[in-house]
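As structure tokens, the structure follows; a few thoughts come after it.
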Amino acid sequence: MADPSRIVVLAPNWLGDAVMALPALEAVRQAFAGRTIVLAGLPSIVPIFEERTGAAPDEILSIVSDCASRASGSSSSTSSSSSDNFSS
């Protein structure tokens, strides 16, 4: 298996769980030093990961779940990061 250059980490959906995940994300960063760490999470959760700590990812991808899209009547979900916009 090839050595990955980018790693995507899915953030927990709940704020308390996200806070408790910070040490784990910092451990991922240390274990994969030199790789790009991308954090994907709900728009209400990702701001906690924007803080400049040892757990800070290189990129943040804000995702909208299918359930939230259906509840709002949207037919597609969109995602965005701090530097790019993506659609799925």
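The values are calculated or read from the model by the stated rules, or taken from the named source; none is laboratory data. The structure displayed is predicted, hence computed values, not measured ones. No Cβ is skipped: glycine too gets one built from the backbone with ideal geometry, and neighbour counts run over all protein chains shown.
Name the single residue, out of those in region 43-64 being among the small types (G, A, S) and surrounded by fewer than 15 Cβ atoms within 10 Å (Cβ to Cβ), that is nearest to A24 (Cα to Cα). Give the derivation first.
Initially, region 43-64 is screened for residues among the small types (G, A, S), giving 44, 54-56, 62.
From what's left, surrounded by fewer than 15 Cβ atoms within 10 Å (Cβ to Cβ): 44, 54.
Working: S44: 20, G54: 10 Å.
Ranking the qualifying residues of region 43-64, first place goes to G54.
Taking residues in region 17-39 that are within 26 Å of A2 (Cα to Cα), and partners anywhere that are assigned to a helix (DSSP H, G or I) and among the basic types (K, R), the pairs with Cβ atoms closer than 8 Å and at least 6 places apart or on different chains are I37/R29. Being out of contact with any Gly (no Cβ under 6 Å at 6 or more places or on another chain), modelled with pLDDT under 90 and of a type outside the set (D, E, K, R): is that true of S62 here? Criteria not met by S62.
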